[in-house]
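Student: This is the structure I want to talk about, given as structure tokens.
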Amino acid sequence: MPSDRVVLVTGGNRGIGRAIAERFVAEGYRVAVTARSGEGPEGTLTVRADVTDAAALDAAFTEVEQQLGPVEIVVANAGITRDTLLLRMTEDDFDSVIATNLGGTFRVVKRASKGMLRARWGRVILISSVVGLYGGAGQVNYSASKSALVGFARSLTRELGGRGITANVVAPGFIETDLTAVLPEATQAEYKKNIPAGRFATTDEVAGVVTWLASDDASYISGAVIPVDGGLGMGH
Ligand code: NDP
């Protein structure tokens, strides 16, 4: 269903975020993306911001508000991995992943919620990971940052649910992006053996779920965790 609501996607210059932004553009939304480098896809407004920097994010939101209007839908997608086994994990490996994936979500959603409260309408969509609930060896930092998004969305649902705002989590499995391209062939084949669908997903298969969550069809869904993982995390 076409809509001209204003969307902001963090990390919209590549990967899953870029596919999400493209899909929103195709459905008629007014779309802004944050990027540290590069540009968002055609038809989007690119604003510069690092999600670990609250002041830069505030300025980016102000630019979007001036050019497109208040942000009605926010997709907290920007994220990083710093995988290594616990005993080798440094304070910086841990802190940087938490500061980007969890702290970044906090900063972005807090800033977006101001306009949503005023409008008494909003959609908050957090990009987590199957690893958040399923776990992953060498991913204590990443998994902790992603499972925390579930508590985040559910608390937000309790706090803002009465003001027309929904908050949901999308938990992708293995998706074909730069993040998974760095995995050795043998590792990729091993992972595929455990995925009932037998393959990684395309970014568009995640994007379609995100735009659906933003649509009127998903108006009564809040605090949900929607897996897009080909069955990998079933039961978690
Ligand atoms: P990519 O590595 O392809 O892209 C990551 C995006 O996040 C980039 O746009 C990057 O910007 C941005 N980003 C990273 N750190 C920051 C920061 N501090 N401030 C602003 N932007 C930042 O990753 P994916 O597209 O694969 O992943 C997107 C999301 O999906 C992440 O949250 C990831 O954890 C999650 N995910 C991915 C899966 C996969 O299989 N690919 C599976 C499950 C979840 P820049 O280009 O400037 O670095």
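Student: In the Gaussian network model of the chain, springs joining C-alpha atoms below 10 Å, which of R48, R36, R88 carries the largest mean-square fluctuation?
Tutor: Residue with maximal mean-square fluctuation among R48, R36, R88: R88.
Student: I've got another one for you. What residue among V25, V170, V33 has the largest mean-square fluctuation in a Gaussian network model of the chain, using Cα springs under 10 Å?
Tutor: V25
Student: A follow-up question, please. Under a GNM of the chain (C-alpha, springs under 10 Å), which listed residue has the highest mean-square fluctuation: A181, A171, A201?
Tutor: Residue with maximal mean-square fluctuation among A181, A171, A201: A181.
Student: Calculated FRET efficiency, D204 and S96, Cβ-Cβ r, R0 25 Å, to nearest 0.05?
Tutor: FRET efficiency, D204 to S96: 0.30.
Student: If neighbour count is taken as other Cβ atoms inside 10 Å, put I125, I175, I20 in order from fewest to most.
Tutor: Neighbour counts put them in this order, fewest first: I175, I125, I20.
Student: Most exposed first by the Cβ proxy, i.e. fewest other Cβ within 10 Å, how do K114, K146 rank?
Tutor: Final ranking by Cβ density, sparse to dense: K114, K146.
Student: So what's the gap between the Cα centers of region 26-90 and region 123-187, to the nearest angstrom?
Tutor: A separation of 16 Å, based on Cα centres.
Student: Continuing with the same structure: Please report Y29, Y134, Y220 as a ranked list, fewest other C-beta atoms within 10 angstrom at the top and most at the bottom.
Tutor: Ascending Cβ contact count within 10 Å gives the list Y220, Y134, Y29.
Student: Compute the angle between helix 15-26 and the longest alpha-carbon principal axis of the chain, please, reported from 0 to 90 degrees and rounded to the nearest 10.
Tutor: It works out to around 30 degrees.
Student: Give the long-range amide H neighbours of G12: residues separated by 5 or more places, or on another chain, with amide H under 5 Å away, using H modelled in the peptide plane at 1.01 Å from N.
Tutor: Correct list: T34.
Student: Strictly greater than 14 Å: what percent of every Cα pair in region 187-236 meets that?
Tutor: The calculated P(r) of region 187-236 puts 60 percent of pairs beyond 14 Å.
Student: Within the set of other residues whose C-beta is less than 13 Å from the C-beta of F94, count the net charge using Lys and Arg as +1 and Asp and Glu as -1.
Tutor: -3
Student: Explain nothing, just compute: Karplus ³J(HN,Hα) = 6.51 cos²θ - 1.76 cosθ + 1.60, θ = phi - 60°, for every residue of region 45-57 in order, whole Hz, x for Gly and Pro.
Tutor: 9, 9, 10, 7, 6, 9, 6, 8, 10, 4, 5, 5, 5
Student: Another one. Given N residues in the chain, what is Rg(Cα) / (2.2 N^0.38 Å)? All intermediate terms of the calculation are to be shown ahead of the outcome.
Tutor: Values: Rg = 16.9 Å, N = 236, 2.2 N^0.38 = 17.5 Å.
Normalised Rg, Cα atoms only: 0.96.
Student: Turning to a different aspect of this structure: Per DSSP H run of n ≥ 4, the term is -39500 (n - 2.57); total these for the chain, divide by its residue number, and report the mean residue ellipticity at 222 nm rounded to 500 deg cm²/dmol. Write down the numbers at each step before the final one.
Tutor: Values: 9 runs with 100 residues, N = 236.
That calculation yields -13000 deg cm²/dmol at 222 nm.
Student: Evaluate Rg over Rh across region 18-104, taking Cα atoms for both radii and Kirkwood's formula for Rh.
Tutor: Dividing the radius of gyration by the Kirkwood radius yields 1.06.
Student: Read phi for every residue in region 112-119 and hand back ³J(HN,Hα) as whole Hz from Karplus 6.51 cos²θ - 1.76 cosθ + 1.60, θ = phi - 60°, with x for Gly and Pro.
Tutor: 5, 5, 4, x, 5, 5, 4, 7
Student: Now a separate question. To the nearest 0.05, how large is the calculated FRET efficiency for R118 and I80 if R₀ is 45 Å and r is the Cβ-Cβ distance?
Tutor: Efficiency, from the Cβ-Cβ distance: 0.90.
Student: Tell me the GluC sites (Glu not before Pro) within region 31-98 that lie in a loop according to DSSP and have at most 14 other beta-carbon atoms within 10 Å.
Tutor: Those satisfying the criteria are E39, E42.
Student: Right, something else. What dipole magnitude, in Debye to the nearest 20, does region 6-225 give about its Cα centre under +1 on Lys/Arg Cβ and -1 on Asp/Glu Cβ?
Tutor: Details: 22 positive and 24 negative charges, 128 e Å.
My answer is approximately 620 debye.
Any read-out appearing in this document is the output of simple, stated calculations on the displayed coordinates, not a laboratory observation. Quick caveat: nothing in here was measured; it's all calculated off a predicted structure. All Cβ positions, glycine included, derive from the backbone under ideal geometry; neighbour counts span all protein chains shown.
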